[in-house]
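To start, the structure itself, in structure tokens.
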Amino acid sequence: MPSEPVEEYDAIVIGAGVSGMYALHHLREMGLAVRVYDGATDVGGTWWYNRYPGARVDGPGSPFYCYAFSDELMKEWDWAETQSEQSAVLDYLEHVADRFDLRRDIQFETWVEDARYDEAEQRWTVETSTGVRASARFLICAVGALSTANMPEIPGIHDFAGECYHTGRWPHEPVSFEGKRVAVIGTGSSGIQSIPEIAKQAAHLTVLQRTPQFAFPAGNRPITPAEMAEARANWDALREKMYAHGSGFPFDPYPARSAFDDTPEERRAHYEALWQRGGFGFFLDLYSDIAISEEANATLADFVREKIREAVHDPETARKLMPDHFVITKRPILHDGYFETFNRDNVALVDLREDPIECFTKTSVITASGEHPIDMLVLATGFDAISGTMLRLDPKGRGGVPLHERWADRFHNYLGMTVSGFPNLFMIHGPGSPGVFYNMPLGAERQLNWIGDFMHVLSERGFGAVEPTPDAEDAWFDEVVGIANATLFPRTDSWWTGANIEGKPRYFSAYLGGSIYYQRIADVAGQDYPGFRFEPLQASGDAKAS
Ligand code: NAP
């Protein structure tokens, strides 16, 4: 069969989620020919896939979990709640797609199955699941930091004959729990958001918990019209605040006070006030040493453990729910009635540390203590995060070397966006960037604005290819790890450290410096891009360049 002709673009973007949508808009505004591929049927990425019951923004939230590039967009969109539901975020993203006419350059239901760099042409060629082949000078990987589902390999799990859903691959058709015996594996953000909702409907719910978690009140509430009006009226100043704050949200600067600047009574009162207020602001108004000092961390951990004890009636269940890692060193979780759910008669908690899963049968899960008959299994088991989807794509760089070989020991990168041996490839929210530690729509915008400027410089100066030097990557690794190692974060097993995936390089791969990162990349541009190696445009590549 003759192969499809190769479509030619300036840039190919993989992924039509929050980052890919802005990539398309921004690069198209620059006058580039751009094509986006996405496996889903519409825009939204993570918000298209994660439709499990209870799914909502569990960050600092609306109205500032949004794009900041368009004043009109900010001013015309109404957010109903501080922690918007998944469907509300998806409505917003669909509106963005309509407003900026994005869909005409996106090919949906199309997986990029192979991406290869051609050194002579200085271009990337992709092969897709629909047979379409395309080539472009630049490859933008907007593949998502939390998009490759972690499917646990437990003996017999494939024999289980009941319904089985991963939270990150939730069906689009309604799922009914009525009258069913349901088991949930996993008590991260997805599990803790969905468990109270499932418990309200299911005949019986068994929660299979490996690691107990610290969770904080979501404090979700309606956003009043007056608050929306105020946000719009002050948008310029709020956007400046978003740019300045380490989280990318418009908060006042992080407090500079140590937990031990207060007396135990003052400290408790401070925690109590934050607890009553709820929401992600809890973590932004904490003491400055909570994530640095074991002793400071213990003061908050003790406070939360006390709250769990108060919420859960049965002391034995409360004991099993008691987390023992440093608080906030796994992704902080906001909950709405999670701990209280264990007071329901139809909910049972299995502590897998004491009572591990032995296997699944067609109709049950068997743990060391016995058999739990179930009709449905919900896998809230998370993702091969940050690097996993890049590795699933596994682009082939210079000499046909696949990314998985380059990343065998660690996720070599420079500025969290580029990889040596993979010229003209840019990652959004990849390893080495703040990614999930920052307001992700704003972070994507800031990275893509930087990338757009860089592309412009390359074409102005007649370069055909650019990639970082291995030395620059090593120095960046030292910087990323150096910042993380000054905190307690790397000392806890989490998806941030890769500990949830067997065989994955174990280290804290996100840039923890918040807005310092954006200053760092701006400085690199201002100093004319130290750490990069440039290659003149080849004659053969010239013919296809725009
Ligand atoms: P997660 O935080 O990685 O939690 C996965 C859970 O599954 C953990 O409790 C883990 O236990 C457990 N688990 C994994 N494999 C297991 C196995 N083989 N046996 C038993 N237990 C197993 O994943 P997530 O809850 O999907 O959340 C991932 C991230 O997505 C969040 O941290 C957050 O950044 C983001 N998220 C955001 C939102 C939002 O903003 N609306 C909502 C959901 C998720 P261990 O802890 O022992 O590994």
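Specify the angular offset, from 0 to 90 degrees and rounded to the nearest 10, of the alpha carbon long axis of helix 264-277 from the longest principal axis of the alpha carbons in the chain.
With rounding to tens, the tilt is 70 degrees.
Calculate, for Arg491 and Arg353, the FRET efficiency according to 1/(1 + (r/R0)^6) with r their C-beta to C-beta distance and R0 25 Å; round to the nearest 0.05.
0.85
Please say if the range 10-105 is rounded, prolate or oblate, where rounded means a/c under 1.5 for a ≥ b ≥ c the square roots of the C-alpha gyration tensor eigenvalues, and otherwise the choice is prolate for a/b larger than b/c and oblate otherwise?
oblate
Enumerate the amide H contacts of Val13 below 5 Å, restricted to partners 5 or more residues apart or on another chain; note that Pro and chain-start residues carry no placed amide H.
Arg35, Val36, Tyr37, Ile140
On the protein heavy atoms, probe 1.4 angstrom, tell me the percent of accessible surface of the chain carried by carbon and sulfur.
C and S atoms contribute 51 percent here.
Do any of Lys180/Lys330; Lys307/Lys504; Lys307/Lys330; Lys241/Lys307 go past 29 Å between their Cα atoms, and which?
Lys180/Lys330; Lys307/Lys504; Lys241/Lys307
Give, in nm to one decimal, the length gained when the segment between Gln519 and Ser176 is fully stretched (0.36 nm per residue of separation minus the Cα-Cα distance).
118.6 nm
Using 7 Å Cα-to-Cβ label points, what is the Gln276/Phe260 separation (nm, one decimal)?
2.9
Sorted by packing (mean other beta-carbon atoms within 10 Å per residue), highest first, where do 132-139, 519-526, 407-414 land?
132-139, 407-414, 519-526
With runs of 4+ DSSP H residues as the only contributors, calculate the mean residue ellipticity of the chain at 222 nm using -39,500 (n - 2.57) per run, divided by the residue total and rounded to the nearest 500.
Roughly -9500 deg cm²/dmol at 222 nm, from the helical runs in the chain.
For the Cα atoms of the chain, what angle does the longest principal axis make with the long axis of helix 515-526, in degrees from 0 to 90, nearest 10?
10
Through the Karplus equation 6.51 cos²θ - 1.76 cosθ + 1.60, θ set to phi - 60°, convert the phi angles of the range 116-133 into ³J(HN,Hα) values in whole Hz; use x for Gly and Pro.
3J(HN,Hα) across the range 116-133, in whole Hz: 10, 8, 9, 5, 5, 7, 6, 9, 9, 10, 10, 10, 10, 5, 8, x, 5, 10.
In whole Hz, with x marking every Gly and Pro, tabulate ³J(HN,Hα) for the range 213-220 from phi via Karplus 6.51 cos²θ - 1.76 cosθ + 1.60, θ = phi - 60°.
10, 7, 9, 10, x, 5, x, 5
For Arg533, what residues show an amide H to amide H distance below 5 Å, using hydrogens built from the backbone and excluding near sequence neighbours?
Long-range HN contacts for Arg533: Glu467, Thr469.
Which of Gln107, Trp77, Leu93 sits farthest toward the positive end of the charge dipole of the range 71-117, with +1 on the Cβ of Lys and Arg and -1 on the Cβ of Asp and Glu?
Gln107
Which ³J(HN,Hα) values, rounded to whole Hz and listed in residue order, are derived for the range 173-184 from phi using the Karplus coefficients 6.51, -1.76 and 1.60 in 6.51 cos²θ - 1.76 cosθ + 1.60 with θ = phi - 60°, glycine and proline given as x?
The phi angles translate into 7, x, 10, 9, 9, 3, x, 9, 9, 10, 10, 10 Hz.
For the chain, take the longest principal axis of its alpha carbons; what is the angle in degrees between that and the long axis of helix 235-244, to the nearest 10 within 0 to 90?
With rounding to tens, the tilt is 90 degrees.
List every residue whose amide H lies under 5 Å from the amide H of Glu163, counting only residues 5 or more places away in sequence or on a different chain, with H placed 1.01 Å from N in the peptide plane.
Residues meeting the amide H criterion: Leu377.
Once you have the Cα-Cα distance between Ala229 and Ala80, take 0.36 nm times their residue separation minus that, and quote the gain in nm to one decimal.
52.4 nm
Roughly speaking, what % of Cα-Cα pairs in the range 47-163 are separated by over 16 Å, rounded to a whole number?
Looking at the range 47-163, the distances longer than 16 Å represent 75 percent of pairs.
What does the accessible area per residue of the chain come to in Å², with a 1.4 Å probe and no ligands, DNA or RNA counted?
With the other protein chains kept in place, the chain gives 40 Å² per residue.
Do any chymotrypsin sites (Phe, Trp or Tyr not before Pro) in the range 48-103 lie in a loop, going by DSSP, with at most 14 other beta-carbon atoms within 10 Å of their beta carbon, and if so which?
For chymotrypsin sites (Phe, Trp or Tyr not before Pro) across the range 48-103 that sit outside H, G, I, E and B with at most 14 neighbouring Cβ atoms in 10 Å, the list is empty.
The values are calculated or read from the model by the stated rules, or taken from the named source; none is laboratory data. Bear in mind the structure is a predicted one, so any value in this text is a computation, not a measurement. Cβ sites come from the backbone with ideal geometry, for glycine too, and all protein chains shown count toward neighbours. The protein model used for the area step is the full one, side chains on, heavy atoms only, and it has no ligands, DNA or RNA in it. Shrake-Rupley method; radii C 1.70, N 1.55, O 1.52, S 1.80 Å.
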